[in-house]
1. Listed residues VAL27, VAL3, VAL8; which is away from the ligand (no atom under 12 Å from the Cβ) and in a loop (DSSP other than H, G, I, E, B)?
2. Scan region 357-387 residue by residue and report those that are closer than 16 Å to SER315 by Cα and among the acidic types (Asp, Glu).
3. Name the single residue, out of those in region 156-196 being under 19 Å from SER138 (Cα atoms) and in contact with a Ser or Thr (Cβ under 7 Å, 6 or more places away or on another chain), that is surrounded by the fewest Cβ atoms within 10 Å (Cβ to Cβ).
4. Can you go through ASP266, ASP312, ASP260 and tell me which one is open to solvent by less than 40 Å² (accessible area, probe 1.4 Å), outside the structural domain of GLU91 (by TED's automatic domain parsing), under 28 Å from the mean Cα position of the chain (by Cα) and more than 19 Å from ILE227 (Cα to Cα)?
5. Within region 83-90, is even one residue modelled with pLDDT under 95 and assigned to a loop (DSSP other than H, G, I, E, B)?
6. Need the failing condition index for LEU135 against (1) within 30 Å of SER195 (Cα to Cα); (2) crowded, with 22+ Cβ neighbours inside 10 Å, just the number.
7. Go through region 332-370 and give me each residue that's outside any helix (DSSP H, G or I) and either at pLDDT 95 or above or of a type outside the set (Gly, Ala, Ser) (or both).
8. With the structure loaded, tell me whether PRO143 is over 20 Å from the mean Cα position of the chain (by Cα) and not hydrophobic (A, V, I, L, M, F, W, C) or whether it fails that test.
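The values are calculated or read from the model by the stated rules, or taken from the named source; none is laboratory data. Note that this is a predicted model, so its numbers are computed, not measured. A quick note on method: Cβ atoms are made from the backbone with ideal geometry, for glycine too, and the neighbour counts reach across all protein chains shown. For accessibility, only protein heavy atoms count, side chains too; no ligands or nucleic acids. Shrake-Rupley method; radii C 1.70, N 1.55, O 1.52, S 1.80 Å.
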Amino acid sequence: MTVWDDLVGQEALVETLGNVVAAADRVLQGEKATGMTHAWLFTGPPGSGRSTAARAFAAALQCDRGGCGECLSCRTSLAGSHADISALVTEQAVIGVDDARDSVRRAALSPSGRRWQVMIVEDADRLTDRAADALLKSVEEPPPRTVWLLCAPTAEDVLPTIRSRCRCLVLRTPPSEAIADYLVRRHDVSSALASFTARAAQGHIGRARALAVDEGTRNRRREVLRIPGQLSGLGSCLNAASNILDAATEEARPRSDTLDAKEQSDLQLAYGAGTRGVSTTGHAAAAKELQRRQRLRAKRIVRDSIDRTLLDLASYYRDVVTVQLGSGGELVNEELRHEVDTMSRSTSGEATTRRLRAIFATRELLEGEIAPLLALESLMISLRGADG
Ligand SMILES: [Zn+2]
């Protein structure tokens, strides 16, 4: 195995990175080499493996053999415990200036080993303007052994001042076959299940993995795909909307709870709560601020889950369009071909397109402040439509 094994369907990128790692090695040996630079931006659609790519690259930079995947350095790198690789990761909606400053301080240090100090920013699109400003100088002119690896969906999601200092590496949407192969290889999933879930996930590796290894996730998706056939009266629309929200809330809760509990115990430690003589006012303020951020995050996790539901629904209506256009070819939801056929005969292509547009408009609305239930109710009503 090598450090590149978990990059799915990114052969061209792996080749490029291999060349960069070789150039980086020559730099370490004091030779003049082109191809290595100190700031990189990994972009690619959600689920394509941006942070996996950044972490593999970091591991390869730290390995004496270009990313063998087997030495101690590779293993600690991939496990996230290498002393000279730091990651700025957030579960929050934004990365604030304090976290950015911490990273800059760290980036200024010489590596403890003989190679590089690697700084990974997983969601560079979430840097606030002030946080981006704080990073700017270090990204622009880092110490000679420091390398910044930033990740974002697209280059446009990163402030131009930062973006212009980085060399951009683009991940493609991984093809279904590559995802299926990865699920079989790394997660010991049967090949039938792997190809079904890879297709259903439409290029999102994490989603494919969740569908493949978790029956609950598969069941929830199956329920979602029943919705289009069930929307008749107003009551069924309102029902479907509240079911989607309930399922999303239920799916989100364990994840929110785990994150919340960890932060609460960190806070207790930081303030030495329970110890006599510790300032309780500082603790109370920090606890209040933490609660506020946790509420925001919980909301976001629910919205992310609703968004996946909407993508599943969209895949269904896209299948209907595929049948209506008569272009042949495999459906994303091949196992529902009978239902898709029925719907494609009972409605026009124009109406299906309108429904797809309604789904994507709702996804955008949900990024704003709208109450999810309201948005979902109005979506279900437009999916029912009037054209019959
Ligand atoms: Zn190695």
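1. On the way: VAL27 fails: in a loop (DSSP other than H, G, I, E, B); VAL3 fails: away from the ligand (no atom under 12 Å from the Cβ).
Result of the check over VAL27, VAL3, VAL8: VAL8.
2. none
3. So, considering only residues that are under 19 Å from SER138 (Cα atoms) and in contact with a Ser or Thr (Cβ under 7 Å, 6 or more places away or on another chain), the one surrounded by the fewest Cβ atoms within 10 Å (Cβ to Cβ) is ARG167.
4. ASP260
5. Scanning region 83-90, I find at least one residue that is modelled with pLDDT under 95 and assigned to a loop (DSSP other than H, G, I, E, B), so the answer is yes.
6. Tallying (1) within 30 Å of SER195 (Cα to Cα); (2) crowded, with 22+ Cβ neighbours inside 10 Å, LEU135 fails exactly one: (1).
7. Quick first cut of region 332-370, residues outside any helix (DSSP H, G or I) only: 332-333, 347-348, 367-370.
Selection gives VAL332, ASN333, THR347, GLU367, GLU369, ILE370.
8. Spelling it out, PRO143 is indeed over 20 Å from the mean Cα position of the chain (by Cα) and not hydrophobic (A, V, I, L, M, F, W, C).
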